[in-house]
Every structure is written in C-alpha cells, then in structure tokens.
Amino acid sequence: MEGLQQQGAQARPGDEGTRPGEPEGASPTWLSVSDVQRYLGISRPLVYRLIREGTIPAVHLGRAIRVSRAALDRALDALGPRSN
C-alpha cells in the first residue's frame, strides 16, 4: 500500500519540483505555457503565438500544451544571439 502512495506523489510533466531520482533544484523536463512564459520573460499570448508558428516546439496532450525544456533550449540556441 505504501508503494501506491509514493507512486501517486510523483511529479507530473510541468509540475514544479523534481522527479524521483533528480537532484534537488533540478529543472522539470516538461514545461507548461506558464513555465515557458516565466522562463523566457515574455507574455502568455506571445508564447501561444510562438508555439502556433512552430518557433517553440510543443506537444499537445488534449487541451494541455507541454514544451520540452531541452527542445526549447535547442530552439533558442538555433535562433542565435540577436543584436539591438
């Protein structure tokens, strides 16, 4: 019975915190739209627009949208530095 309780306590994609076996303070593997918004410091509508345009790779799970942190970082690296 105790194992079942532990299993239900595992973090889900996009949840704050870490998954079992990850070091404390590790970043979640999957990000919600709100997580991406905070991570990049941009508005929520802009996150949705960048996902729709394909600039930010995302997975749609029913009504939920999740972004792989690794894929997001690769997409940002591919954009390169931007000079003002």
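A few notes on this one:
- Test: residue in the stretch 18-38 that is open to solvent by 80 Å² or more (accessible area, probe 1.4 Å), at negative phi and modelled with pLDDT of 95 or more: yes
- The set of residues in the stretch 49-71 that are over 13 Å from Leu31 (Cα atoms) and touching a residue at least 12 places away in the same chain (Cβ under 8 Å) contains only Thr55.
- Those residues of the stretch 49-68 which are surrounded by 16 or more Cβ atoms within 10 Å (Cβ to Cβ) and under 13 Å from the mean Cα position of the chain (by Cα), in sequence order: Ile51, Ile56, Ala58, Ile65, Arg66, Val67, Ser68
The values are calculated or read from the model by the stated rules, or taken from the named source; none is laboratory data. Keep in mind the model is a prediction, meaning the values are calculated, not measured. All Cβ positions, even for glycine, are placed from backbone atoms using ideal geometry, and neighbour counts span all protein chains on display. In case anyone asks, the SASA skips ligands and DNA or RNA and just uses the protein heavy atoms, side chains included. Shrake-Rupley method; radii C 1.70, N 1.55, O 1.52, S 1.80 Å.
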